[in-house]
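A.B. asks: Right, I'll just put the structure down here and ask away after.
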Amino acid sequence: MERLGFVRDVAGIAALNEPARRDLYLFVVGQAESVSRDQAADGVGVARHTAKFHLDKLVEDGLLDTEFKRLTGRQGPGAGRPTKLYMRSATQFEVTLPERHYDLAGRLMARAIDESSSTGEPVVTALHAAAAELGARLGEQARDDQQGQGTEQRVAIVRDVLTAHGYEPRQHDRTITLLNCPFHLLAQEHTELVCGMNLALLDAVAKHGAGDVLTARLDPAPNRCCVVLTVD
């Protein structure tokens, strides 16, 4: 997870630790339509000024969105000012420690199933191809952004990509181990499938991010990712 995204998600979720704010959030997202400050205040039994403060804080933290409507339905002069209404934000907040990315695994698997259904290609083959395509894109993008040329620079580019996606890379001599698997529970239950997907993804990141100076291989061990990378 990128640092800015992590900070945003932690701040957003932490905002709900305040009881009145949490109650207001749950009230707003539990309604079929957007609600006014007065409706929210009445719904949770707090003063209007208290509701205003907490609702606006929830908007500031990205948990709620706003819109303005005339609740009377009248238009033109004399219709009155539009009312500020609150609704759930479309922004998704997620914090997992250690970092997990089951959404990424789900997208890759869904894409593989779609591809297999339309072409008849074995679903595991399609999954490896989808993972490799993503890994190539991540590696190429990072390499273009940083323009690394030497071996150390190229390896550092790949480490940065792996860090941003939750793998927690640690290099010792010529070996990079990954202390965290972003697909941990899936890998425990479907080891061969997920480790194969992981290998395809990381091998492509290594090749496209570092050229021919890094090799990814399966090397399962307890309490870390099943893939390690070796500096050639």
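A.B. asks: The chain: longest stretch without exposed GluC sites (Glu not before Pro) (DSSP loop, at most 11 other Cβ within 10 Å), sites themselves excluded?
C.D. replies: The longest uninterrupted stretch comes out as 34-232.
A.B. asks: Same structure again: Which distance in Å, rounded to a whole number, links the C-alpha centroids of the stretch 130-171 and the stretch 81-110?
C.D. replies: First find each Cα centre; the distance between them is then 25 Å.
A.B. asks: Right, something else. Mean-square fluctuation check for the chain, GNM, Cα pairs under 10 Å: which of A90, A200, A41 is largest?
C.D. replies: Maximum among the listed residues: A90.
A.B. asks: Can you give me the angle between helix 3-14 and the longest principal axis of the chain, using Cα atoms only, in degrees from 0 to 90, rounded to the nearest 10?
C.D. replies: So the inclination is approximately 40 degrees.
A.B. asks: Please quote Rg/Rh for the stretch 102-231 to two decimal places, taking the Kirkwood radius as Rh and restricting both calculations to Cα atoms.
C.D. replies: 0.98
A.B. asks: Comparing G120, G211, G62, which has the greatest mean-square fluctuation in the GNM of the chain with Cα pairs linked when under 10 Å apart?
C.D. replies: The residue that fluctuates most here is G120.
A.B. asks: Continuing with the same structure: Using Cα springs under 10 Å in a Gaussian network model of the chain, which residue among L16, L202, L127 shows the largest mean-square fluctuation?
C.D. replies: L16
A.B. asks: Bin width 10 Å, origin at 0, all Cα-Cα pairs of the chain: what percent of pairs per bin?
C.D. replies: Answer for the chain: a P(r) of 7, 25, 22, 17, 16, 10, 3, 0 percent.
A.B. asks: Something else now. How high is the relative contact order of the chain, in percent, with contacts defined as C-alpha pairs under 8 Å that are six or more residues apart?
C.D. replies: It rounds to 17 percent for the chain.
A.B. asks: Same structure, new question: When the helix-only estimate is applied to the chain (DSSP H runs of n ≥ 4, each -39,500 (n - 2.57), divided by the residue count), what is the mean residue ellipticity at 222 nm, nearest 500 deg cm²/dmol?
C.D. replies: When only DSSP H runs of four or more count, the value is -17500 deg cm²/dmol.
A short reminder: the numbers here are calculations on the coordinates, not readings from a lab. Because the structure is predicted, anything quoted here is derived from the model rather than measured. Cβ sites come from the backbone with ideal geometry, for glycine too, and all protein chains shown count toward neighbours.
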